[in-house]
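The values are calculated or read from the model by the stated rules, or taken from the named source; none is laboratory data. Please read these numbers as outputs of a predicted model, since none were measured by experiment. Please note: Cβ atoms are built from the backbone with ideal geometry, for glycine as well, and neighbour counts cover all protein chains shown.
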Amino acid sequence: MVDRAGVDYTAEAYEAAGGPGWHGNGLTDRDRSIAVISSLVANNVIDQRLDFYIGLARRNGLDDEGLAQLMILLTAYIGQPYPSAAMQAVRRTAI
């Protein structure tokens with residue numbers, strides 16, 4: 001994001017997006033990744049922003065099977081269209 005938007009904007013966006021929420025003992029980084037991905041999918045954000053958090057989730061221990069199960073779970077709560085589109089992002093970004 002720094003490459004696209006610059007240091008100042010990235011720092012401000014990080015803080016606005018819950019920068020302090022990424023620290024603390026109540027959640028693991030894996031938990032946080034799941035929460036952010038769920039929020040993005042529920043808002044139909046399926047572009048490179050989702051790709052970034054999918055990559056982060058993988059680095060935080062969530063594998064493709066877990067990501068697929070997350071999309072299935074989200075389908076039960078928010079309907080099929082958005083998780084289906086997000087599943088394309090999971091496949092698109094597969095390692």
Taking region 20-45 and keeping residues modelled with pLDDT under 95 and in a loop (DSSP other than H, G, I, E, B) leaves His23, Gly24, Asn25, Gly26, Leu27, Thr28
Q | Flag for Tyr53 being part of a helix (DSSP H, G or I) and buried (at least 19 other Cβ atoms within 10 Å of the Cβ) | A | yes
The residue from Arg4, Arg58 that alone is charged (D, E, K, R), modelled with pLDDT of 95 or more and assigned to a helix (DSSP H, G or I) is Arg58
Output for Cβ contacts, cut-off 7 Å, separation at least six or different chains, first residue closer than 16 Å to Arg49 by Cα in region 66-90, second of a type in the set (D, E, K, R), reads Ala89/Asp51; Val90/Asp64
Condition set surrounded by 10 or more Cβ atoms within 10 Å (Cβ to Cβ) and assigned to a helix (DSSP H, G or I), scope region 8-19, selection modelled with the highest pLDDT: answer is Tyr9
So, first residue more than 19 Å from Tyr82 (Cα to Cα) in region 50-64, second residue among the basic types (Lys, Arg), Cβ within less than 6 Å, six or more apart or across chains; the pairs are Asn60/Arg30; Gly61/Arg30; Leu62/Arg30
Taking region 73-95 and keeping only residues that are part of a loop (DSSP other than H, G, I, E, B) and among the small types (Gly, Ala, Ser), one is left with Gly79, Ala94
Those residues of region 62-76 which are among the small types (Gly, Ala, Ser) and within 15 Å of Thr93 (Cα to Cα) amount to Gly66, Ala68
